[in-house]
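Below is one structure, written out as structure tokens; the observations come after it.
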Amino acid sequence: MTQSSFAIEARRLQKTYAASGKSPEKQALKGLDLAIPKGSIFGLLGPNGAGKSTFINILAGLVIKTAGEVRIWDIDIDKDHRAAKAAIGIVPQEISFDAFFTPFETLELQAGFYGVPPKERRSMELLDAVGLADKRDTYSRQLSGGMKRRLLIAKALVHTPPVVILDEPTAGVDVELRRSLWEYITMLNKERGVTVVLTTHYLEEAQELCDNIAIIDQGRLIACEP
């Protein structure tokens, strides 16, 4: 069987949310076809409500698609859901941690969820990479917003996934932190071959980082260009 050259493939992907209370039925994705090349930094743009978050949540296994096919690292999410989830790391928009866990404990716990043996865990290496080594034993509730966002990135990398999705990673952070996150994202891609998918509302961020950019609007792909 020939290995696909795409990290993520969606074919005729549809998602319809059922009517609830006074809210009518909503078709969030309308036959989305999208192929993201392996080894790229891929930008996913579009207005709020365009379907980007639904697409990401389907990849993460948080939303069940209505129709279509999705493959992550050539793994069909319907046929081998567990292996597909292991191939992807997702950095969500929302910052959410257990307030009484330290960064080190947070990464160790996440690695355990993915079945990473203790001897193979890279918790201190990841904390050092995102500039949090000196905060390893600080309660998460005491970290600044920027530090929490960096910890989210480290958390998504504990199982060494070949694909990482960053959902608005620099929203609300200062210019200096944004620049350092850009540098780390670029390093992951160039030195370690990680495929990075970036959703952002900052056009200069997409222009600076991405090899290809796709635009989704009203549940459809309307552009996909270098």
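Per DSSP H run of n ≥ 4, the term is -39500 (n - 2.57); total these for the chain, divide by its residue number, and report the mean residue ellipticity at 222 nm rounded to 500 deg cm²/dmol. Mind showing how you got there, number by number?
On the way: 7 runs with 70 residues, N = 226.
My calculation for the chain gives -9000 deg cm²/dmol from helical runs alone.
Let me test this: with uniform point scatterers at the alpha carbons of segment 58-160, what is the Debye-based log₁₀ I(q)/I(0) at q = 0.11 1/Å?
-0.38
Pop out the ³J(HN,Hα) list for segment 121-132 in order, Karplus 6.51 cos²θ - 1.76 cosθ + 1.60 with θ = phi - 60°, rounded to Hz; leave Gly and Pro as x.
Karplus-based 3J(HN,Hα) across segment 121-132 equals 6, 10, 4, 5, 4, 5, 4, 5, 5, 9, x, 10 Hz.
Between Asp174 and Asp128, what FRET efficiency follows from the Cβ-Cβ distance if R0 is 25 Å, with the result rounded to 0.05?
On the way: r = 21 Å, r/R0 = 0.85.
It comes out at approximately 0.75.
With the contact rule set at Cα under 8 Å and sequence spacing of 6 or more, what percent relative contact order holds for the chain? Working shown, then result.
On the way: 425 pairs, mean separation 64.1, N = 226.
Computed over the chain, the figure is 28 percent.
Select from Asn212, Asn57, Asn48 the residue whose mean-square fluctuation is largest in a Gaussian network model of the chain (Cα-Cα springs shorter than 10 Å).
Highest fluctuation among the options: Asn48.
Taking H placed 1.01 Å from N in the peptide plane, check which residues at least 5 places from Asp217 or on another chain put their amide H under 5 Å from its amide H.
For Asp217, the qualifying residues are Ile222.
Which residue fluctuates most in the GNM of the chain (Cα springs below 10 Å): Ala156, Ala84, Ala171?
Comparing Ala156, Ala84, Ala171 in the GNM, the peak value goes to Ala171.
For the chain, return all DSSP H helices satisfying: extent of Cα atoms along own axis at least 24 Å; mean Kyte-Doolittle hydropathy at least -1.0.
Details: long enough: 175-192 (25 Å, -0.73).
Helix filter hits for the chain: 175-192.
With contacts defined as alpha carbon pairs under 8 Å and 6 or more residues apart, what's the relative contact order of segment 19-140 in percent? Don't jump to the answer; show the numbers that get you there.
Numbers: 81 pairs, mean separation 20.7, N = 122.
Once normalised by length, the contact order is 17 percent.
Send over the per residue convex hull volume for segment 6-225, Cα only, as a whole number of Å³. Mind dumping the intermediate values first?
Working: hull volume 28.9 nm³, N = 220.
Residue-normalised Cα hull volume stands at 131 Å³.
Build a GNM of the chain with springs between Cα atoms under 10 Å: which of Glu183, Glu168, Glu25 gets the top mean-square fluctuation?
Glu25
Read-outs: derived from the displayed coordinates by stated rules, not from any lab. Since the structure is predicted, the reported quantities are computational estimates derived from the model, not experimental observations. With ideal geometry, Cβ positions are generated from the backbone for all residues, glycine too; neighbour counts draw on all protein chains shown.
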